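See below for the structure under consideration.
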Amino acid sequence: MYKNLAGRAVLAWAAACFLSPAFSQPQAAKAPLKIGFVYVAPVTDAGWVRQHEEGRKAVDAALGARVKTTFVENVAEGADAERVIRDLAQQGNQLIFTPSFGYMEPTLKVARDFPDVKFESITGYKQTPNVATANARYYEGRYLAGIAAGRMTKTNVAGYVAGFPIPEVLQGINAFTLGMRSVNPDAKVVVVWLNEWFDPPKERDAAMAVFNQNADVVAFHTGSTAVMAAAQERGKMAVAYHSDMLKIAPDAQIVAVTHQWGGYYTQRAKAVLDGTWKSANLWGGVKEGMIRVGDFGSKVPKAVQQEVLARQQDIAAGKLQPFRAVNGDVRDNEGRVVIARGAQLSDEQILKMNWLAEGVQGRVTR
């Protein structure tokens, strides 16, 4: 009987040890979600890549230990991009953001080989079950900047340094011109094409070229701060793009069109963590908080600032659409009607834009 009692005691002790939290093996902490970012240019103090880097930091700040983010900078579009994106997938990144138009096809190619990885093609337009797309309505900010430029110019000439003649860039040039001419019908815009996204010396030279053509204000769609620095150097005015660039051009900047990616990136990372991520296509603008105009320079009168901010509120409320013909037909710079009076371009028409508005000096190869 003693032996039986002893045996039962041993069994009871063993069971207690097995069931007791004090003796059980601790559960392994859930591994963080690995997220990769690919940048088309170096991370600098301002510009396109800087805003995406701020978006990455916003994800870290919002989600903390639940995520582990990394980035690769200065990755050329094409074969280099495919190699880097593939490498990030092989390293176990479960969500990969590729923010450049030229990354779309490399992203799609890698995504076919990694069906369990989620990809976000930023500025791309092709979706698959594991590739989502997102872009911002940059043209809304451009229209507002055009209002500021139209009020501030003395020569009625603005310059526009542009990367490539793709629809996104054409949207910006046309919206800027329409905004400028909405308050200054005599205004014209001189465009210089670079066929580069990031080449600071070429960007600077292009800015100087438009200043030599009587432009006293310049806008740009390239990746560095070179145009702003050129305006500061020449004593001209400039519209900052992507980021606030007052530090680079404290006297030249009249307004900044800034991109805000943190909210979207955090939302998509949360969806992966929650198991609710689905491929989708978002085209957000002022209303969604993805585009913001502000950071006015000290030379801009309060009345102009208030006018621009009021029109920004109108866009957010749906009262103002940059590509709606309110007071008459909108024509391109070859005289053709592209928006009839009272009409508004559809998203499909805006996304396929291949014309330049009346008042723009330049051509688009069709």
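Filtered by the rule that a residue be open to solvent by 90 Å² or more (accessible area, probe 1.4 Å), in contact with an Asp or Glu (Cβ under 7 Å, 6 or more places away or on another chain) and closer than 21 Å to Val189 by Cα, the stretch 334-357 gives no residues. One residue stands out in the stretch 132-145 among those that are assigned to a helix (DSSP H, G or I) and in contact with a strand residue (DSSP E or B) (Cβ under 8 Å, 6 or more places away or on another chain): the one that is farthest from Arg181 (Cα to Cα), namely Tyr138.
Pick from the stretch 195-212 the residues that are under 20 Å from Val364 (Cβ atoms) and at pLDDT below 95: which of them is surrounded by the fewest Cβ atoms within 10 Å (Cβ to Cβ)? Per the stated criteria, the residue is Asn195.
Can you say whether Tyr264 is in a helix (DSSP H, G or I), under 30 Å from Glu348 (Cβ atoms) and not acidic (Asp, Glu), as far as the supplied structure shows? Yes.
Among the residues of the stretch 314-331, those that are more than 16 Å from Met180 (Cβ to Cβ), surrounded by 12 or more Cβ atoms within 10 Å (Cβ to Cβ) and of a type outside the set (A, V, I, L, M) comprise Asp314, Gln321, Arg324, Asp329. Does any residue of the stretch 113-125 turn out to be small (Gly, Ala, Ser), out of contact with any Pro (no Cβ under 9 Å at 6 or more places or on another chain) and farther than 21 Å from Val360 by Cβ? Yes; the residues of the stretch 113-125 include at least one that is small (Gly, Ala, Ser), out of contact with any Pro (no Cβ under 9 Å at 6 or more places or on another chain) and farther than 21 Å from Val360 by Cβ.
Say we look at the stretch 282-312 and pick out the residues that are more than 20 Å from His242 (Cα to Cα) and open to solvent by 80 Å² or more (accessible area, probe 1.4 Å); which of these is modelled with the lowest pLDDT? Applying the filter and picking the extreme gives Lys299. All conditions in (1) outside any helix (DSSP H, G or I); (2) under 24 Å from Lys302 (Cβ atoms) hold for Ala215, with the sole exception of (2).
Filtering the stretch 267-289 to residues that are in a loop (DSSP other than H, G, I, E, B), in contact with a strand residue (DSSP E or B) (Cβ under 6 Å, 6 or more places away or on another chain) and either under 17 Å from Arg137 (Cβ atoms) or of a type in the set (S, T, N, Q) (or both) leaves Ser279, Ala280, Gly285. Filtered by the rule that a residue be part of a helix (DSSP H, G or I) and modelled with pLDDT of 95 or more, the stretch 99-120 gives Tyr103, Met104, Glu105, Pro106, Thr107, Leu108, Lys109, Val110, Ala111, Arg112, Asp113. State whether one or more residues within the stretch 221-233 are of a type in the set (Val, Ile, Thr), outside any loop (DSSP other than H, G, I, E, B) and over 16 Å from the mean Cα position of the chain (by Cα). So far as the stretch 221-233 goes, yes, one or more of its residues are of a type in the set (Val, Ile, Thr), outside any loop (DSSP other than H, G, I, E, B) and over 16 Å from the mean Cα position of the chain (by Cα).
Okay, residues lined up against (1) exposed (fewer than 15 other Cβ atoms within 10 Å of the Cβ); (2) within 22 Å of Gly275 (Cβ to Cβ); (3) not hydrophobic (A, V, I, L, M, F, W, C):
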| residue | (1), (2), (3) |
| --- | --- |
| Lys34 | no, yes, yes |
| Asn74 | yes, no, yes |
| Leu95 | no, yes, no |
| Pro99 | no, no, yes |
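Scanning the stretch 234-245 for residues that are in a loop (DSSP other than H, G, I, E, B) and among the hydrophobic types (A, V, I, L, M, F, W, C) returns a single hit, Met245. For the stretch 132-154, does any single residue satisfy the condition of being without any contact (Cβ under 8 Å) to a residue 60 or more places away in the chain and open to solvent by 20 Å² or more (accessible area, probe 1.4 Å)? Scanning the stretch 132-154, I find no residue that is without any contact (Cβ under 8 Å) to a residue 60 or more places away in the chain and open to solvent by 20 Å² or more (accessible area, probe 1.4 Å), so the answer is no. Residue under question is Lys68, and the condition is that it be among the basic types (Lys, Arg) and at pLDDT below 95; does it hold? It is false that Lys68 is among the basic types (Lys, Arg) and at pLDDT below 95.
The values are calculated or read from the model by the stated rules, or taken from the named source; none is laboratory data. Nothing here was measured: the structure is a model prediction, and the numbers come from that model. For neighbour counting, all protein chains shown are included, and Cβ atoms are generated from backbone atoms with ideal geometry for every residue, glycine included. The area values use the complete protein model at the heavy-atom level, side chains included, leaving out ligands, DNA and RNA. Shrake-Rupley method; radii C 1.70, N 1.55, O 1.52, S 1.80 Å.
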